[in-house]
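**Student:** Let me give you the structure first, and then I'll get to my questions.
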């Protein structure tokens, strides 16, 4: 027997051993999946489509069609009750709409953010993304240190000082809308408000003027690319393994690098300016750096956290507010009576004033109701999740420890057991004298991990909407959909294309 023949036979033996080991490992994995099924199958839920992949195929099909998977969860919540399970490989997710469980879990600090989501947001396709910032940090002490650093930058006194910037950037939007109205053209409202909210967060948080309504920038595209990447990174563990996806994976990595490298440069420049005694803007970045400097110990890891939060502000501080504004415009255009009522209130409170004051915001009660109702039907950050470290009983059903619990304001907000005629847009649900929803409405989450920037976001949204209502009439162009696009955050799929007129023209 020749040497080559012996080598070939040896290679076959080695290959046979490897295949045998892989088969044993796969069979062992299947046994483990069966154990997981036996452990959790007492929890109600839809039939699994696949022993191995569980309910994942249904989600993959919806992703391929750009359909909103939350509507499927709503259907399952209506069919299977206040708690149901979802299987994906060996993972089990418990989805619950129980208000008592929402209160128990979200109002407590003992339930950490879930590990799976943290891992998928920490980095995308090998490139660090949100890291261990405020949104993703799982360790309570680590999160609390960051929150303590951030809190002064969102105090009521400081937010009042931002009214000038809110007014200034909203004025730029009204100028752009005036040009559209003069041309009797159409406007993609989502694109316009996206650029305004990004302008605001960059100016208010980081002291930089990009003027995105007049200039082009890579930032809007980078944010959108990152959001698309999040969806694929969360819902398909094998997405980056397919060669057809490699170009997109590279694009996502580059978008993450752009956001983080820009953040690193801006933070460095501001630190140098502060250390050299130069005048610096009294913005969120300065507040964060100065407050962080008072900490007893700031490590290299803490520096990286600052960069994590820079990216978090870009994503959370801009995208969600822009989508809320676009959804609000869409809803008002579909309900002329509500639109007229909101305009009348703006006329009474603001009149012809150019600048809206902080005190004016408190008088725009009906507009507040409109914005809250928008977030009930269209919560732009539609849910949150927690790890259940101990056994828990949800409406009489035992849920073992180690499970991930998912809570969705989108699903609860569209259930008739919580809201009468839930698909009807009715701002009176949030009238000051109306009963408050009991732990079924939480578009900014709840408890200690609730959104730090929610007051900032709602002040900004109210200023922008008030100025639009003060000066323009708008109608939706025909034949556009009212579908929702799920990109981790929710946005109007159509972009909300409107015909714009000066209000005097519509009289």
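**Student:** If I fit a long axis through the Cα atoms of helix 365-377 and take the longest principal axis of the Cα atoms of the chain, what angle between them do I get, 0 to 90°, rounded to 10?
**Tutor:** Helix 365-377 sits at roughly 20 degrees to that axis.
**Student:** Please compute, for the alpha-carbon atoms of the chain, the extent along each of the three principal axes and give them in descending order in Å.
**Tutor:** Between the extreme Cα coordinates on each principal axis of the chain lie 95, 59, 48 Å.
**Student:** Sticking with this one: Separation of region 333-359 and region 442-507 by C-alpha centroid, Å?
**Tutor:** 15 Å
**Student:** I would also like to ask the following. Using the Cα gyration tensor of region 358-507, with a ≥ b ≥ c the square roots of its eigenvalues, what is the shape: rounded (a/c below 1.5), prolate (a/b larger than b/c) or oblate (neither)? Mind showing how you got there, number by number?
**Tutor:** On the way: a/c = 2.22, a/b = 1.85, b/c = 1.20.
Verdict is prolate for region 358-507.
**Student:** Given R₀ = 56 Å, what would the calculated FRET efficiency be for residue 185 paired with residue 21, taking r from the Cβ atoms and rounding to 0.05?
**Tutor:** On the way: r = 65 Å, r/R0 = 1.17.
Here the calculated transfer efficiency is 0.30.
**Student:** I'd like the FRET efficiency for residue 279 and residue 303, computed as 1/(1 + (r/R0)^6) with the beta carbon distance as r and R0 of 30 Å, rounded to 0.05.
**Tutor:** On the way: r = 24 Å, r/R0 = 0.79.
Taking R0 as 30 Å, the efficiency between residue 279 and residue 303 is 0.80.
**Student:** Modelled label-to-label distance, residue 116 and residue 49, 7 Å Cα→beta-carbon offset: nm?
**Tutor:** So the label points at residue 116 and residue 49 sit 1.6 nm apart.
**Student:** Which of the peptides 126-138, 433-445 is most tightly packed, and how do the rest follow, judged by the mean count of other Cβ atoms within 10 Å per residue? Present the calculation step by step, with values, prior to reporting the outcome.
**Tutor:** Values: 126-138: 20.7, 433-445: 15.5.
Per-residue mean Cβ counts within 10 Å order the peptides as 126-138, 433-445.
**Student:** Another question, then. Just want the ordering: 55, 502, from fewest to most Cβ atoms lying within 10 Å of their own Cβ. Intermediate results must be reported in sequence, preceding the final value.
**Tutor:** Values: 55 20, 502 14.
Final ranking by Cβ density, sparse to dense: 502, 55.
**Student:** Expressed in nm to one decimal, what extension gain is obtained for the pair residue 14 and residue 254 from 0.36 nm per residue of sequence separation less their Cα-Cα distance? Don't skip to the answer; put the middle values down first.
**Tutor:** Values: separation 240, 0.36 × 240 = 86.40 nm, distance 4.03 nm.
Roughly 82.4 nm would be gained on extension.
**Student:** For the Cα atoms of the chain, what angle does the longest principal axis make with the long axis of helix 454-471, in degrees from 0 to 90, nearest 10?
**Tutor:** It is inclined by approximately 50 degrees.
**Student:** Which of 429, 160 comes first, and how do the rest follow, when ranked by fewest Cβ neighbours within 10 Å?
**Tutor:** Working: 429 20, 160 13.
Lowest count first: 160, 429.
**Student:** How many nm is it between the label spots at residue 89 and residue 428, if each spot is 7 Å from the Cα in line with the beta carbon?
**Tutor:** Going from the residue 89 label point to the residue 428 one covers 5.1 nm.
**Student:** Is region 61-200 best put as rounded, prolate or oblate by its Cα gyration tensor, with a ≥ b ≥ c the root eigenvalues, rounded for a/c under 1.5, and otherwise prolate when a/b is larger than b/c, oblate when not?
**Tutor:** Numbers: a/c = 2.10, a/b = 1.38, b/c = 1.52.
Taking the square roots of the gyration eigenvalues as a ≥ b ≥ c, region 61-200 is oblate.
**Student:** Considering Cα pairs under 8 angstrom that are at least six residues apart, work out the relative contact order of region 288-402 and quote it in whole percent.
**Tutor:** Numbers: 49 pairs, mean separation 25.0, N = 115.
Computed over region 288-402, the figure is 22 percent.
**Student:** Does anything in region 371-405 have its amide N under 15 Å from the 7 Å Cα→Cβ label point of residue 100, and if so which residues?
**Tutor:** Within reach of a label on residue 100: 392-399.
**Student:** For residue 80 and residue 357 in one chain, what is 0.36 nm times their gap in residues minus the Cα-Cα distance, to one decimal in nm? Present the calculation step by step, with values, prior to reporting the outcome.
**Tutor:** Working: separation 277, 0.36 × 277 = 99.72 nm, distance 4.82 nm.
Roughly 94.9 nm would be gained on extension.
**Student:** Next up: Sort 284, 338 so that the residue with the fewest other Cβ atoms within 10 Å of its own Cβ comes first and the one with the most comes last. Don't skip to the end; give the middle numbers.
**Tutor:** Working: 284 25, 338 20.
Least crowded to most crowded, the residues run 338, 284.
**Student:** Efficiency by 1/(1 + (r/R0)^6): what FRET value for residue 415 and residue 344, r their Cβ-Cβ distance, R0 = 41 Å, to the nearest 0.05?
**Tutor:** On the way: r = 32 Å, r/R0 = 0.78.
Once the sixth-power term is evaluated, E becomes 0.80.
**Student:** Relative contact order for the chain: what percent, with Cα pairs under 8 Å and sequence separation of 6 or more? Present the calculation step by step, with values, prior to reporting the outcome.
**Tutor:** Values: 689 pairs, mean separation 115.1, N = 507.
The normalised contact order for the chain reaches 23 percent.
**Student:** Between residue 63 and residue 237, 0.36 nm times their residue separation minus their Cα-Cα distance comes to what? Each step should come with its number before you reach the end.
**Tutor:** Numbers: separation 174, 0.36 × 174 = 62.64 nm, distance 1.37 nm.
Contour length minus Cα-Cα distance gives 61.3 nm.
Coordinate-derived values only; no laboratory data. Nothing here was measured: the structure is a model prediction, and the numbers come from that model. Please note: Cβ atoms are built from the backbone with ideal geometry, for glycine as well, and neighbour counts cover all protein chains shown.
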